[in-house]
1. Restricting to the range 55-91, name every residue that is assigned to a strand (DSSP E or B) and out of contact with any strand residue (DSSP E or B) (no Cβ under 8 Å at 6 or more places or on another chain).
2. Assuming residue 159 fulfils every condition listed in (1) surrounded by 18 or more Cβ atoms within 10 Å (Cβ to Cβ); (2) outside any strand (DSSP E or B); (3) modelled with pLDDT of 90 or more apart from one, which condition is it?
3. From 164, 130, 117, 151, which residue is surrounded by 13 or more Cβ atoms within 10 Å (Cβ to Cβ) and on the phi > 0 side of the Ramachandran plot?
4. Checking residue 102 against (1) more than 17 Å from residue 83 (Cβ to Cβ); (2) loosely packed, with under 13 Cβ neighbours inside 10 Å, which single condition isn't satisfied?
5. Considering each of 123, 137 in turn, give the residue that is in the same structural domain as residue 51 (by TED's automatic domain parsing) and either out of contact with any strand residue (DSSP E or B) (no Cβ under 8 Å at 6 or more places or on another chain) or loosely packed, with under 13 Cβ neighbours inside 10 Å (or both).
6. Those residues that are assigned to a loop (DSSP other than H, G, I, E, B) and free of Cβ contacts under 8 Å to residues at least 12 places away in the same chain, I need them from the range 98-132; list them, please.
7. Being touching a residue at least 60 places away in the same chain (Cβ under 8 Å) and more than 16 Å from residue 126 (Cβ to Cβ) is the filter here, so list the residues in the range 61-90 that pass it.
């Protein structure tokens, strides 16, 4: 009889442990920070500029891009943005855009902590070698790395294309536009 009662107590203890773990996981998901981000143009700002640098007799052309990054915490707890990184590349029209290598990403530093429902914007200035030709466009890739109150590292990834004066999210490339 005591063995059966002890077995039932162990079973009840295990069920309580399992329910607490499940409730804790649900709490972490429902209370976590969710940084959503967007790129846009700053009004009155030169958004895309073309330049050249002379190194001895060699002239290197480059393209400069200035975009406004807006991060908003859509979660229910604060978020600490540890790092913003990004780059631009010139790609052929219709080319498959891949995730850039980490060494190609420029570092833009952290952003102030974002409370629930708060947003913060900053200017990102990026440069790449060369100039887009007629059948090419600029591809922008930005990563916002942050952590929440649970100390879990998370990220928001943005992929955009620039064609003329248009700045468009690369919706057909979900691996470049995701949240973790």
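The values are calculated or read from the model by the stated rules, or taken from the named source; none is laboratory data. The shown structure was predicted, so the numbers you read here are calculated from the model rather than taken from an experiment. Positions of Cβ are backbone-derived with ideal geometry, glycine not excepted, and every protein chain shown enters the neighbour counts.
1. Within the range 55-91, the first condition is being assigned to a strand (DSSP E or B), and the residues that meet it are 55, 58-73, 79-91.
Of everything in the range 55-91, those that are assigned to a strand (DSSP E or B) and out of contact with any strand residue (DSSP E or B) (no Cβ under 8 Å at 6 or more places or on another chain) turn out to be 55, 58.
2. That leaves (2) as the condition not met.
3. On the way: 164 fails: surrounded by 13 or more Cβ atoms within 10 Å (Cβ to Cβ); 117 fails: surrounded by 13 or more Cβ atoms within 10 Å (Cβ to Cβ); 151 fails: surrounded by 13 or more Cβ atoms within 10 Å (Cβ to Cβ).
So the residue among 164, 130, 117, 151 that is surrounded by 13 or more Cβ atoms within 10 Å (Cβ to Cβ) and on the phi > 0 side of the Ramachandran plot is 130.
4. Among (1) more than 17 Å from residue 83 (Cβ to Cβ); (2) loosely packed, with under 13 Cβ neighbours inside 10 Å, residue 102 violates only (1).
5. Numbers: 137 fails: either out of contact with any strand residue (DSSP E or B) (no Cβ under 8 Å at 6 or more places or on another chain) or loosely packed, with under 13 Cβ neighbours inside 10 Å (or both).
That would be 123, the only listed residue that is in the same structural domain as residue 51 (by TED's automatic domain parsing) and either out of contact with any strand residue (DSSP E or B) (no Cβ under 8 Å at 6 or more places or on another chain) or loosely packed, with under 13 Cβ neighbours inside 10 Å (or both).
6. Matches in the range 98-132: 98, 101.
7. Those that are touching a residue at least 60 places away in the same chain (Cβ under 8 Å) and more than 16 Å from residue 126 (Cβ to Cβ): 71, 75, 77, 78, 79, 80, 81, 82.
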